[in-house]
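Input: a single structure, listed below in C-alpha cells.
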Amino acid sequence: MREAVVLVTGANGEIGHGLVSRLAERGERVVGLDLSPAASPVAEQCHEWIQGSILDSSLLSRLVSQYEFRTIYHLAAMLSTRAEFTPGAAHAVNVEGTLNLLEMAAEQTEWSGRRLKFMFPSSIAVYGLPDLATKAEAGSIREKTWNLPTTMYGCNKAYCEHLGRYYANHYKQLGAAKGVSGVDFRAIRYPGLISAATVPSGGTSDYIPEMIHRVARHEPYECFVRPDTRIPFMAMPDAIRAIVALEEADEAALSWRSYNVTSFNPSAQEFLDELLTRWSDAQVEFQVDRKRQEIVDSWPADVNDDAAREDWGWEPLYDFTSALDDYLVPGIASEMGGGVA
Ligand code: AKB
C-alpha cells in the first residue's frame, strides 16, 4: 500500500546534490526532505520533495503513513563552526532530529518486519587531539582512538553514532524481542569534502573548498587557518561513492558501524602551492582566526581507513593531483559556464 522509497534528508546540501543524482541513476525513487525549497537539479531527480523540518514529528508521522522507507540517508545537520554560535540549536537539529528519524525508522521496521538501512554521515570532528605535538605524534588515527570531540557538532556526531549502534544492536533490550529494531545503522566519518558544484558554509574545514572556488574565480581569499594546518580531505564524488558502497555492503561483512574514509591530506600551504601552478594570479593571504584554528588543530592530520578497505572494499578514485586535474578544475570551469577557471 505504501510506496517503497529512499529518504534523503538535507537533500539540498553539498552531499545531497551528488547523492540524489547517484540514487536516481540507480533507479531509486527518492524522497527529498529539506528546510529549503527544492533546488535544481536535485528537484528534477526526486520522486517527491518535502519542504520541512526533521524536528517536525507530525511531518515524520505523515511520512510513515505514506511511504515505506527502504533506506534513509540522513544528511541534515548544522556544521561545526555554525554550531558553536548556537550550540543549543545545533543539538536540536543534529541530535533530536536524528533521534526523531531513528524512532521513525524503528516504528517502520516494526510494521514492515523488514530491516531498514540508516546511512549517517559522521565526521572527523568526533576526534579531539589535545595539542599539536600530540596531533603530530598520533598521525593517522583509527576509529577507536582519540574519540574526545571539542565541538558541539563533534559531540553531536559522536553521540548519534552511539544512538545508531543502540538502535541496531540493543533497542528495547529488556523487551521480549531484544535488540530487534530492524534499523541497520551505518556511519561514515567524513573528512573535509571538496565539491566542484557547491561551496560549503558553516564548516571549519571550509578553508580548502573556499580557497579553490575563490582562486578559480580570480577573487582574493583570506585563509582563516595557518599555512601548516593539516587535516584529511576527499573529493565529493568519492564521498558519494563511499556512502553508497557502505549501503550496498553485506551487513555480515561489517565489523563496525562507523568507518573512517579518506583520500589526501595536504597542508593549507601545499594546497595553495598546487593552485598556484594552475592559477598563477591566485591571491591568497593567511589571516588566522584563532578560535576556528583551535578546532581544526584538534582534528587529526590523517585517519586510517583500513577497516573500510577490508570490510567493504573502500578505495578512493581521486588522489590529491587527480582530484584537482580530473574533477575540481574542469568541474568548477563547467559550473562557471565553461569560462576559463
Ligand atoms: C565541518 O567542517 O564542520 C565539516 C566536517 C569536517 O565534518 N565539513
DSSP-defined beta bridges in the range 77-335 - what % are antiparallel, rounded to 5: 10 percent
Helix-only [θ]222 nm of the chain, DSSP H runs n ≥ 4, -39500 (n - 2.57) each, per residue, nearest 500: -11500 deg cm²/dmol
Global geometry of the range 267-341, whether rounded, prolate or oblate, following the gyration tensor of its Cα atoms and the 1.5 cut on a/c: oblate
Within a Gaussian network of the chain (alpha carbon springs, distance under 10 Å), most fluctuating of 253, 43, 138: 253
Shape metrics for the chain, restricted to C-alpha atoms - Rg then Dmax, Å: 19.8, 68
Alpha carbon Rg of the range 96-250, scaled by the compact-globule rule 2.2 N^0.38 Å: 1.25
Pairs of lysine residues in the chain - Cα separation under 28 Å, sequence separation of 8 or more or cross-chain: 14
Listed residue (118, 174, 158) projecting farthest to the positive dipole end of the chain, Cβ model: 174
Length-normalised contact order of the chain in % [C-alpha pairs under 8 Å, at least 6 apart]: 17 percent
Debye, to nearest 20: dipole size of the chain, +1 on Lys, Arg Cβ, -1 on Asp, Glu Cβ: 1020 debye
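Every number here is computed from the coordinates shown, using simple stated rules; none is lab data. These numbers come from a predicted model, not from an experiment. Here Cβ is always computed from backbone atoms with ideal geometry, including for glycine, and neighbour counts include all displayed protein chains.
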